[in-house]
Amino acid sequence: MANAIRKVAVLGAGVMGSGIAAHLASCGIRVLLFDIVPPNLTDAEKDSRAARNRWSQGGLDKALTAKPALFVDANAASLIEVGNLTDDLARLGECDWIVEVVKEDMQVKRDLLAKVEANWKPGALVTSNTSGLSIDGMLEGRSDAFKKVFFGTHFFNPVRYMHLLEVIPGTATDPAAIDAFATFARKILGKGIVSAKDTPNFIANRIGVYSMMKTIGSMRELGYTIEEVDEIVGRPMGRPKSAAFRTADVVGLDTFVHVSQNCFDSLPDDYERQTFAIPEFLTGMVKKGLIGQKAKGGFYKKEGKDFFTLDLDTLEYRPNKPADFPSLKKISKIEDPAERLAATIADDSRAGKFAWHVLARALAYSANIAWDIADDLESIDRAMKWGFNWDLGPFEAWQALGVKKTAERIKAEGLPLPAWIDKAAEADAFYKKDPVAPTFFAKSGSFTPSNTIPGSISLAALKAQGKVVEKNRGATLIDLGDGIAGLEFHTKMNTVDVDLTTMLNTACDIVERDFDGLVLANEAENFSAGANLMMIVMQANQKKFADIEKAVEAFQKTIQRLTYLSKPVVTNPHGLTLGGGCEMAMAGTRMVVAKETYMGLVEVGVGLIPGGCGTLNLLKRSFADVPAKIDRNMFDGLGRVQKAFEAIAMAKIATGAGEVFSIGFGRAQDEIAMNQDTRINDAKRLARYLADKGYTAPRPAQNLYLPGKNGAGALQLFTYGMMLSGFISEHDKKIADKLANVLCGGDTDGRVPVSEERVLELEREAFMSLVGEAKSIERMQYMLMNNKPLRN
């Protein structure tokens, strides 16, 4: 059944419905996107299909123009057909899965499901994307056969970016239907699946909205400002930078109020029910349309370059007043989220006291409702990390602070805790992180095996199991099993330095001798942010240009070694993959590109050009389909060079895997990994496959018919016009001219192919000519100090 979902009907083309449709299409699934026929059509419009489908088409159009992009690849929109819920219901019989995403109104959903059952293909899955309504409550009047394949599928918005998908079985749902869908959603849609119980707002919204409402109430009760609260409950507590109020603005106050009201209405016996009551100022904000970013104003508003904050007493905006918590500035620099949280609640300032106040209540609430909303603690922690972007779920956070010690401190506050917490406190653990057989505390009072995510690989677990082959300060070589080694980077931001370069070469030595293939991957937030810019600036200021050139040449040779290794090398870029990171990613035999990969050769922003084979490998991709022998009179390589030139000179950054390919960093044989949990294993499997089919190293390119000075002149003329028009500076033009010379092959006449060695020589010469330029050094220093480029 998991492989049989080839066509899906999405009923409802609002923000969520269109987002689900966009993600399905991005994953290669054909979609029917339906909405109601717009009311009040004119007589002429009533017979117009375009008019009758206006709302569904409008949803698709908004998805195509959404920022950030909802499609991984905008071309995937061709897989979506629009229709309406009056004329096209019979087409539901074509679909293998039907998901309703209509108004959060029980009767509206019941009425729609009656129409679905009248038109569905028996056995096809039917689900609701409700954010909190009862799954069983929707099934009034439905047949037993329908009930067997009906359940909840709660996506989080925006669908492309939020990993969590809560799956909520009804009492009559066939477990086989759940299992099949979970496999499909994990493998094809790339989602993190959490099974939730059919209770109001399920897992993530129940705890997440409670935490938000308790934070808001505590702010008013204890006399803190909006800015102060957001400074406290963001990064210091292991939550997103958007913290509480900025998050509410992003989600939308109308949505937030609806979910909280649903909890208040549906949980009459909840001991914290009053926390969900909507305060008067929130009701007033919704009435005034101050519902967040989509209305250009919520708790915060931006006018030009100025930020304003809402006065909750007057509902008028006032100038933003930044919080002043010196201790938090130091705490926020702590990398480990568990250590950061511990330091925050240990802080005796107003910030630390507020952090503990809200955290203690959130932990207590999570403990008291745990077995009502989920079967296990692991599901709750995953839901909060995947659905609300918390660094640690509530029970992971509790364990990081000490289970027994924290339980005692919570009780000292007079907060209720369930009896099962005492049993966990005896073990002082919710999780036992045995590297071979991890377990977690179960409702039974004993520890049960952890729910390993199917297809996932944990590098941390492998290291704990003694699978380290070799390591230094820059990277660790790990035995991934099945004859494949993995190299994990661990410099700051995984930047390229001497240690990392050394370990890349060491890994090549070991893999050539002892393994069948190599994977470059890590579990950090980013694959690699590029070169160690601080080291380059220091050496440039000290005029140590020979040392810089030695390092550049060594990195070029290392990249080439990866490319021509006798064993397959599969790279697994994810997150920021910039500069040298991009060059390492492109060096592999294949790339397995994570869905959310932000890749680019961005060196011009710091006054340089790529110095680690970036120009060469982008050219090789542009010329991949050019034969080794051509009729030179019939071939003009400038267009291919121009694409590479624009990618580098404009510092284009792919905002997702789709653009990795459209810009030109990815090749047809490279792959996309939709699931962040299984991407490393995807890369390992590909390396194993390449080795098994009989891998031989590629030959150097013999088809780089570069246009030489004539081509460089054309590109330089273009940049001259850009400079005269004020779009680029004189230094920008200098960088672009040197880049053009490299990409066009220097002095070649275009009649014979340029060798890889010659391109790398030109690349190195251009890099070294720029690294000592005063304006390039200014750009590098500015980037280090301000984390944004300088235009000079």
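The values are calculated or read from the model by the stated rules, or taken from the named source; none is laboratory data. All values reported here derive from a predicted model rather than from experimental measurement. Cβ atoms come from the backbone with ideal geometry, glycine included; neighbour counts cover every protein chain shown. Areas reflect the complete protein model, heavy atoms only, side chains present, ligands, DNA and RNA absent. Shrake-Rupley method; radii C 1.70, N 1.55, O 1.52, S 1.80 Å.
Listing for the model above:
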| item | result |
| --- | --- |
| Yes/no for T448 being among the polar types (S, T, N, Q), more than 11 Å from A367 (Cβ to Cβ) and in a loop (DSSP other than H, G, I, E, B) | no |
| Condition check for S776: open to solvent by less than 10 Å² (accessible area, probe 1.4 Å) and of a type in the set (S, T, Y) | yes |
| Long-range neighbours under 6 Å by Cβ, at least six apart or interchain, first residue farther than 21 Å from V257 by Cα within segment 189-204, second buried (at least 21 other Cβ atoms within 10 Å of the Cβ) and aromatic (F, W, Y) | G192/W386; A196/F202 |
| Residue ID - nearest to G393 (Cα to Cα), chosen from residues in segment 236-248 that are in contact with a Ser or Thr (Cβ under 8 Å, 6 or more places away or on another chain) and part of a helix (DSSP H, G or I) | M237 |
| Given (1) of a type in the set (S, T, N, Q); (2) surrounded by 14 or more Cβ atoms within 10 Å (Cβ to Cβ); (3) not in a helix (DSSP H, G or I), index of the condition N368 fails | (3) |
| Among residues of segment 303-354, those that are polar (S, T, N, Q) and under 30 Å from E523 (Cα atoms), counted | 3 |
| S528 of a type in the set (G, A, S), surrounded by fewer than 24 Cβ atoms within 10 Å (Cβ to Cβ), more than 20 Å from M768 (Cα to Cα) and in contact with a helix residue (DSSP H, G or I) (Cβ under 9 Å, 6 or more places away or on another chain) | no |
| Selected residue (criterion: nearest to E659 (Cα to Cα)) from residues of segment 2-41 that are surrounded by fewer than 24 Cβ atoms within 10 Å (Cβ to Cβ) and among the small types (G, A, S) | G28 |
| Some residue of segment 742-750 being in contact with a Leu (Cβ under 6 Å, 6 or more places away or on another chain) and open to solvent by 10 Å² or more (accessible area, probe 1.4 Å) | yes |
| Failed item, numbered, when D249 is tested on (1) of a type outside the set (S, T, Y); (2) within 25 Å of F354 (Cβ to Cβ); (3) open to solvent by 20 Å² or more (accessible area, probe 1.4 Å); (4) in contact with a strand residue (DSSP E or B) (Cβ under 8 Å, 6 or more places away or on another chain) | (3) |
| Residue check, V552 touching a residue at least 60 places away in the same chain (Cβ under 8 Å), in contact with a Lys or Arg (Cβ under 9 Å, 6 or more places away or on another chain) and in a strand (DSSP E or B) | no |
| Pairs with Cβ under 7 Å, 6+ apart, first in segment 479-497 and within 9 Å of V519 (Cα to Cα), second open to solvent by 20 Å² or more (accessible area, probe 1.4 Å) and of a type in the set (D, E) | I484/D516; A485/D479 |
| Matching strands (runs of 3 or more DSSP E) fully within segment 262-350 where at least 2 residues are acidic (D, E) | 306-311 |
| Of all residues making up segment 622-654, the number that are farther than 22 Å from P573 by Cβ, touching a residue at least 60 places away in the same chain (Cβ under 8 Å) and open to solvent by 60 Å² or more (accessible area, probe 1.4 Å) | 3 |
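Every residue, every condition in (1) in contact with a His (Cβ under 7 Å, 6 or more places away or on another chain); (2) under 17 Å from M591 (Cβ atoms); (3) surrounded by fewer than 21 Cβ atoms within 10 Å (Cβ to Cβ), yes or no:
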residue	(1), (2), (3)
G656	no, yes, no
F665	no, yes, no
Q669	no, yes, yes
Y689	no, yes, yes
D692	no, no, yes
L704	no, no, no
N710	no, no, yes
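Condition check ((1) among the basic types (K, R); (2) without any contact (Cβ under 8 Å) to a residue 12 or more places away in the chain; (3) open to solvent by 50 Å² or more (accessible area, probe 1.4 Å)) across all residues:
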{"residue": "P707", "(1), (2), (3)": "no, no, no"}
{"residue": "L717", "(1), (2), (3)": "no, yes, yes"}
{"residue": "K734", "(1), (2), (3)": "yes, no, yes"}
{"residue": "D737", "(1), (2), (3)": "no, no, no"}
{"residue": "P753", "(1), (2), (3)": "no, no, yes"}
{"residue": "L760", "(1), (2), (3)": "no, no, no"}
{"residue": "E763", "(1), (2), (3)": "no, no, no"}
{"residue": "F767", "(1), (2), (3)": "no, no, no"}
{"residue": "L784", "(1), (2), (3)": "no, no, yes"}
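Residue-by-condition table, conditions (1) over 19 Å from T678 (Cα atoms); (2) touching a helix residue (DSSP H, G or I) at 6+ places or on another chain (Cβ under 6 Å); (3) at pLDDT below 95:
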{"site": "L562", "(1), (2), (3)": "yes, no, no"}
{"site": "N572", "(1), (2), (3)": "no, yes, no"}
{"site": "G575", "(1), (2), (3)": "no, no, no"}
{"site": "M584", "(1), (2), (3)": "yes, no, no"}
{"site": "V593", "(1), (2), (3)": "no, yes, no"}
{"site": "Y598", "(1), (2), (3)": "no, no, no"}
{"site": "L601", "(1), (2), (3)": "yes, yes, no"}
{"site": "G612", "(1), (2), (3)": "yes, yes, no"}
{"site": "T615", "(1), (2), (3)": "yes, yes, no"}
